[in-house]
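Student: One structure follows; several queries about it will come next.
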Amino acid sequence: MITKIITLELGAFGTNAYVFNNGTHTAVIDPAIASRNLRETVAMFKCGLEYILLTHAHFDHIGGISDLKSEFPDAKLVINVGDEEVLRTQTGRDYPFGFFIKPEQHEPDTVVCDGDFLPFGDDQIKVLHTPGHSPGSCCYQLGKTLFCGDTIFRDGVGRTDLRGGNLDELMQSISRLTLLPDDVALLPGHGPSTTVGEERKNNPYLPW
């Protein structure tokens, strides 16, 4: 199970990039921008880098992929099948403020679906497909920790007005997450961490 999680808030949109390690292997969630701090945090564990896990392909979650790959070329870039094509082809025109940005385009090393497991040393990372914020939004679960991207936040939920967003799908995805035990930690793509129990009780966007 996870022995250490380090959160780095990166980029103009305050994206949470996570570095986690289970004693023998290291992974990164959503490298928002090229960051020396991110590279040095990974190197600190002295395990190389097993995975670059993307919760979705929006530009503010992928801007540091090339930078990480240059330092850790063996790291496997992972994305859900629903955002695979977007990762390969997106441009600034995919965003309402696109003239400010130049999204990276990447070929994933591993494409995952709901229910897949990624080997992580003696552990396994479970993939939960949670569409709504984007068609391929997904969460990664290791033990009692769920990296949930922009699906759900503390007291909030992901937006659905960008390419491929769907409010009905988002609500179905969040309903699925609220079936997890109360003590599962939710580590979102933006803002502070929370738990399933806290969101079930306090999130104003949930209908129960």
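Student: Select from the stretch 33-61 the residues that are in contact with a helix residue (DSSP H, G or I) (Cβ under 7 Å, 6 or more places away or on another chain) and closer than 23 Å to residue 84 by Cα and list them in ascending order.
Tutor: Those that are in contact with a helix residue (DSSP H, G or I) (Cβ under 7 Å, 6 or more places away or on another chain) and closer than 23 Å to residue 84 by Cα: 34, 49, 52, 54, 55, 56, 57.
Student: So, one more: Here is a list: 178, 151. Which entry is hydroxyl-bearing (Ser, Thr, Tyr) and surrounded by fewer than 24 Cβ atoms within 10 Å (Cβ to Cβ)? Spell out the reasoning first.
Tutor: On the way: 151 fails: surrounded by fewer than 24 Cβ atoms within 10 Å (Cβ to Cβ).
Testing whether each residue is hydroxyl-bearing (Ser, Thr, Tyr) and surrounded by fewer than 24 Cβ atoms within 10 Å (Cβ to Cβ) leaves just 178.
Yes/no per residue for (1) in a loop (DSSP other than H, G, I, E, B); (2) modelled with pLDDT under 95; (3) touching a Ser or Thr at 6+ places or on another chain (Cβ under 7 Å):
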position: 31; (1), (2), (3): yes, no, no
position: 68; (1), (2), (3): no, no, no
position: 73; (1), (2), (3): yes, no, no
position: 79; (1), (2), (3): no, no, no
position: 83; (1), (2), (3): no, no, yes
position: 87; (1), (2), (3): no, yes, no
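Student: Which of (1) within 30 Å of residue 169 (Cβ to Cβ); (2) basic (Lys, Arg); (3) in contact with a strand residue (DSSP E or B) (Cβ under 6 Å, 6 or more places away or on another chain) is the odd one out, the single condition residue 4 does not satisfy?
Tutor: (1)
Student: Further question on the same structure: Would you confirm, using the coordinates I've provided, whether residue 96 is farther than 17 Å from residue 10 by Cβ, modelled with pLDDT of 95 or more and surrounded by fewer than 16 Cβ atoms within 10 Å (Cβ to Cβ)?
Tutor: Here the answer is no, as residue 96 does not meet what is asked.
Student: Can you find a residue in the stretch 33-46 that is within 14 Å of the chain's Cα centre (by Cα) and buried (at least 22 other Cβ atoms within 10 Å of the Cβ)?
Tutor: no
Student: Here is a further query. Specify which of the listed residues (55, 41) is in a loop (DSSP other than H, G, I, E, B), hydroxyl-bearing (Ser, Thr, Tyr), modelled with pLDDT of 95 or more and within 19 Å of residue 19 (Cα to Cα).
Tutor: Of the residues listed, the single one that is in a loop (DSSP other than H, G, I, E, B), hydroxyl-bearing (Ser, Thr, Tyr), modelled with pLDDT of 95 or more and within 19 Å of residue 19 (Cα to Cα) is 55.
The values are calculated or read from the model by the stated rules, or taken from the named source; none is laboratory data. It should be emphasised that the depicted structure is a prediction, and the values quoted were computed from it without experimental measurement. Note: ideal-geometry Cβ built from the backbone for every residue, glycine included; neighbour counts use all protein chains shown.
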